[in-house]
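Please treat every number below as a calculation from the coordinates, not as lab data. Every value quoted in this text rests on a predicted model; they were computed, and no experiment measured them. Every residue, glycine among them, receives a Cβ derived from its backbone with ideal geometry; neighbour counts consider all protein chains shown.
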Amino acid sequence: MASSSNTATYNTPCAACKFLRRKCVPDCIFAPYFPPEEPHKFANVHKIFGASNITKLLNDILPHQREDAVNSLAYEAEARVRDPVYGCVGAISFLQMQVERLQEELDAANADLIQYASSCNHRYPHQNMSSALPIQSTTTTQYTSQQAPRQIRPNNNAYYPTPSTFSFPWNDNNASGRGGAAGE
């Protein structure tokens with residue numbers, strides 16, 4: 001009777017080896033990143049980049065970077081399959097335009113709030129109208145040179161900071177450093 005150490009173990013080949021119809025060796029570079037349960041992942045990456053290029057890329061980068069590289073390749077390949085012309089650039093451009101549009105809407109709404117608060121302060125100078133001003137959080141939003149705060153000049157020629165200079169909880173970085181609720 002054979003001992004358990006002499007029995008051959010048959011592992012399921014990774015998605016890459018199965019797709020390429022070759023034997024999946026124990027040190028297969030594809031196996032950790034293309035499990036047999038996700039054959040479409042390798043099929044898309046292979047269709048766009050080619051198995052040889054993927055092998056070269058994975059061999060040229062450090063082992064701890066490989067998972068991120070494969071995830072990036074898979075995302076780009078999936079985007080290219082869905083949109084052969086623009087690929088992931090089309091999705092990124094769409095999201096950037098959406099962010100710009102929403103920021104403009106937010107700036108306009110906050111400008112209206114500031115104008116309302118200013119007009120209330122002129123009509124009722126003895127009342128505290130701080131509740132009409134945009135809410136400020138205890139942390140501040142950092143701006144890059146491209147996002148420098150702008151100024152609004154109301155009818156009385158006094159300068160007021162635009163809403164983009166006020167820090168709001170949804171604009172601030174959360175503990176993960178990736179932004180507010182939408183960045184989580």
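Figures for the structure shown
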| read-out | value |
| --- | --- |
| Q98 vs. criteria of a type outside the set (A, V, I, L, M, F, W, C), assigned to a helix (DSSP H, G or I) and surrounded by 11 or more Cβ atoms within 10 Å (Cβ to Cβ) | no |
| Members of the stretch 10-25 that are within 13 Å of E37 (Cα to Cα) and not in a loop (DSSP other than H, G, I, E, B) | A15, A16, C17, K18, F19 |
| Pairs where the first residue, in the stretch 68-97, is more than 19 Å from L58 (Cβ to Cβ) and the second is surrounded by 12 or more Cβ atoms within 10 Å (Cβ to Cβ) and of a type in the set (D, E), C-beta under 8 Å, 6+ apart | G87/E76; C88/E76; G90/D83; A91/D83 |
